[in-house]
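Coordinate-derived values only; no laboratory data. Here the structure is a predicted model, which means the values were calculated and not measured. Cβ coordinates were reconstructed from backbone atoms using ideal geometry, including for glycine residues, and neighbour counts include every protein chain displayed.
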Number of protein chains: 4
Amino acid sequence: MTETEPTPRWQRRADERPQEILDAALAVFVERGFAAARLEEVAKRAGVSKGTVYLYFSGKEDLLKALVQSAILPQLENIEALARDHSGSSRELLIKMVDAMWRGIALSPLSGIPKLMLSEAGNFPELARFFLEAVIQRHWALMRRVMEDGMERGEFRRLPSDLAVRIFIAPMMMAVFWKHSFMPLEEQPLDMARYFDVALEMSLASIAAQAANTLERKDS
Amino acid sequence: MTETEPTPRWQRRADERPQEILDAALAVFVERGFAAARLEEVAKRAGVSKGTVYLYFSGKEDLLKALVQSAILPQLENIEALARDHSGSSRELLIKMVDAMWRGIALSPLSGIPKLMLSEAGNFPELARFFLEAVIQRHWALMRRVMEDGMERGEFRRLPSDLAVRIFIAPMMMAVFWKHSFMPLEEQPLDMARYFDVALEMSLASIAAQAANTLERKDS
Amino acid sequence: MTETEPTPRWQRRADERPQEILDAALAVFVERGFAAARLEEVAKRAGVSKGTVYLYFSGKEDLLKALVQSAILPQLENIEALARDHSGSSRELLIKMVDAMWRGIALSPLSGIPKLMLSEAGNFPELARFFLEAVIQRHWALMRRVMEDGMERGEFRRLPSDLAVRIFIAPMMMAVFWKHSFMPLEEQPLDMARYFDVALEMSLASIAAQAANTLERKDS
Amino acid sequence: MTETEPTPRWQRRADERPQEILDAALAVFVERGFAAARLEEVAKRAGVSKGTVYLYFSGKEDLLKALVQSAILPQLENIEALARDHSGSSRELLIKMVDAMWRGIALSPLSGIPKLMLSEAGNFPELARFFLEAVIQRHWALMRRVMEDGMERGEFRRLPSDLAVRIFIAPMMMAVFWKHSFMPLEEQPLDMARYFDVALEMSLASIAAQAANTLERKDS
DNA sequence: AATGAATGAGGTTTCATTCAT
DNA sequence: TATGAATGAAACCTCATTCAT
């Protein structure tokens, strides 16, 4: 029992601990859902013991909140910064924004958070409301301004912008959900890169100014 | 409400019971997720006691399976019938099919099932695989044939049909998920009818033959 | 729904019902133990429905009590009658009594009752006390008198008769318990008839006054 | 009883816990039977909470299996060692073996296991078969060899050894069952020591070659 | 008299949380 | 700080009992 060697049995890693735990929690929550996720598995994936989780978080629910509240906002601010700094066509800005969202969220583990919130909205309405307002609606509002600008400029055709935004990014969101649900079961898993290319192109076509046989013009 | 007879403690309604329980289970599972759903609440919503559920289903998981396996397939067969019986343009058929899906699934409680499977795929991979193959991929295969027909005929532009199908119906699927997650939290809940009209129009625009600024023509 | 034919859907069988139910209950209780026995199985074996059991018995426990209180006593009275009517050696009487017990109890389904009481004594002390006093001790008292008579007469050697009785019939009791526990699992199930012959001979030898009369020497 | 320190809610005693739980389980199972035994009572007797049982055993049935598989075999090996090391008459060896069984099993809490298996054989046939083969038949086989040796040597009279063994130890087994069923209900509980002395003497007499050497005549 | 659908108390089991080490 | 044994509330599930038919 005498410990003569200065060998530390475990390494205090500055404080990456909380983040490691959050990362593990995200993975497990997304895979199993909040209720079915066992804290023991979160701990194991984070490489700590169950008790340690409670040193940094007050409980399972706190873990969920910390996850949701901290994770997406920086990405969103990123996207907002793009808009602030942009000069050029609305189309180009839209592409930039969607591209940032794709790379910053859809391709990263953060993509689990929308899936998680979608699943858990019924159990955590407060948290869901926060996510709805602070993330979703804020994101939509930003895109809406860009889209309306584009309409003003004649780059995009006139559409009800509140709906058009949702519809425009729906294919990207679907990919995010797909990734965390059925994709692991597909024999030939979806090629995300190809999907993004085609989805972006189709979404842009759906709002493009020219041509586009529209509801309004169907009798012309 | 005037009850002159001594109140019967229960009613015998064996024939309708299983469906009533399934309906209740769907509602609770969709709202809370499978793990967080309490069988007691399912029973209460079905107007029966906990024990009664076990007269018709062997357990909670069996309830989930019965739900998923029985519910959507008839709707899907509906849609397949449309395709069989159709004569006319591919565009018209596509509209018919999407419309049937919207009315038969999206607007009905059945819309909960895709949301439920999305959430639970990680916990019930076998069931999810069944749903993927028997419902999703079967639906996609059907739409894909229609879309490729339309491309042949020049109604739709050339797109990778496997991806185009997913992207085409993504806005409808998003509405289905939205309805069972954030919509109840919206101050001004989404107007599903307007959404459908715009989404259909935009989706059609995204595959329309003419105009549509494309990937190929981006330098023209 | 009009029943023109006089075909009765089930036959009212005088009142064998209660006894049929008791027989079924005995079989199930002995096989599974009281707690693990399901009333549904008792009903099924009796060829009635669960509800019918309650027409004749007030509940599961009542079934057990009725079983124990009614079943063995007649056999015991039988044996007591043998003693009353006997004239001859004590050894002969002892053999008659053991033989009656073997045929009347050990070889019949009644043999389940001692096994059942042995198992359930801890859960039903009152019932067990009844069985102990009304059956076991009464039986022992009778045998003890016979055995002491035989000692007086010099047929049996002097032994503490209270213990000698228990020991004398132990091999028969063991067969009873064996039959309802491990015997069905034996590759070569015990031959009860052979067992009885040898057991009786050995038991008699164990109390015989002088040199054991043996199987081999029975004609000497 | 003076408790100056704040009362600790529990003690950590991981190493002894499993055995303490098994001891408690044996007592409760034997008293009530497996099905009627409540895990809460097992836990209480072991001085732990319900949940703790599940730290060491995967469930109620596992507890039963662990109990049966671990407990008796060492005693049996003890007895087999006696036979290996013995030199002397078969009678002396037989006495040694029975004595070891009496002291090692009948007088210890282990005596509950045969009672338990007898009761539960119908519900756990696999476990019962294990017990039958690994314990009962193994024990009988050993005794049978000794008994046949004794017959060869003329110490015991010729008897069908397969049956003679069962009959020879029946009185000891009966005491084991008695102890865990009716003995606690007896006004004057059986004196086990006296019982053993008489039973052994009578059993020996039942197989003795010539005239039974008796309690009365041992000094003649 | 007989049925069996319905009930709900009571058991087993799980797992978030606590806390002695 | 870190651990993981211990806890106990809460869930699932069973089945004796009731009662409308």
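Scanning the range D:40-50 for residues that are assigned to a loop (DSSP other than H, G, I, E, B) and within 11 Å of DNA strand E (Cβ to nearest atom) gives a single hit, D:49.
Would you call residue C:53 within 15 Å of DNA strand F (Cβ to nearest atom), within 18 Å of residue D:119 (Cα to Cα), among the hydrophobic types (A, V, I, L, M, F, W, C) and part of a helix (DSSP H, G or I)? Considered against the rule, which asks whether it is within 15 Å of DNA strand F (Cβ to nearest atom), within 18 Å of residue D:119 (Cα to Cα), among the hydrophobic types (A, V, I, L, M, F, W, C) and part of a helix (DSSP H, G or I), residue C:53 comes out as no. Of all residues assigned to the range B:81-97, none qualifies as being within 16 Å of DNA strand F (Cβ to nearest atom), surrounded by fewer than 17 Cβ atoms within 10 Å (Cβ to Cβ), without any contact (Cβ under 8 Å) to a residue 60 or more places away in the chain and on the phi > 0 side of the Ramachandran plot. If you check D:138, D:158 for being over 30 Å from residue C:136 (Cα atoms), touching a helix residue (DSSP H, G or I) at 6+ places or on another chain (Cβ under 7 Å) and part of a loop (DSSP other than H, G, I, E, B), only one passes: D:158. Only one of the numbered conditions (1) in a helix (DSSP H, G or I); (2) farther than 19 Å from residue C:208 by Cβ; (3) in contact with a helix residue (DSSP H, G or I) (Cβ under 8 Å, 6 or more places away or on another chain) is violated by residue C:147, and that is (2). Residue B:37 satisfies every condition listed in (1) within 12 Å of DNA strand E (Cβ to nearest atom); (2) buried (at least 16 other Cβ atoms within 10 Å of the Cβ) except (1). Within the range C:180-199, the set of residues being assigned to a helix (DSSP H, G or I), crowded, with 20+ Cβ neighbours inside 10 Å and of a type in the set (Gly, Ala, Ser) comprises C:199 only.
For the range C:165-210, filtered to residues that are closer than 18 Å to residue C:151 by Cα and hydroxyl-bearing (Ser, Thr, Tyr), the residue that is nearest to the other protein chains (Cβ to nearest Cβ) is C:206.
Among the residues of the range B:61-80, the one identified as within 14 Å of chain A (Cβ to nearest Cβ) and either within 12 Å of DNA strand E (Cβ to nearest atom) or exposed (fewer than 14 other Cβ atoms within 10 Å of the Cβ) (or both) is B:61. Among the residues of the range A:111-129, the ones that are more than 10 Å from chain B (Cβ to nearest Cβ) and over 18 Å from residue B:118 (Cβ atoms) come to 1 in all.
Evaluating residue B:142 against the criteria (1) more than 9 Å from chain A (Cβ to nearest Cβ); (2) under 14 Å from the mean Cα position of the chain (by Cα) leaves one unmet condition, (2). Filtering the range C:22-36 to residues that are more than 18 Å from residue D:128 (Cα to Cα) and not in a helix (DSSP H, G or I) leaves C:34, C:35. Those helices (runs of 4 or more DSSP H) of the range A:88-135 in which at least 3 residues are under 19 Å from residue B:30 (Cβ atoms) and under 13 Å from the mean Cα position of the chain (by Cα), considering only elements entirely within it, cover A:112-120.
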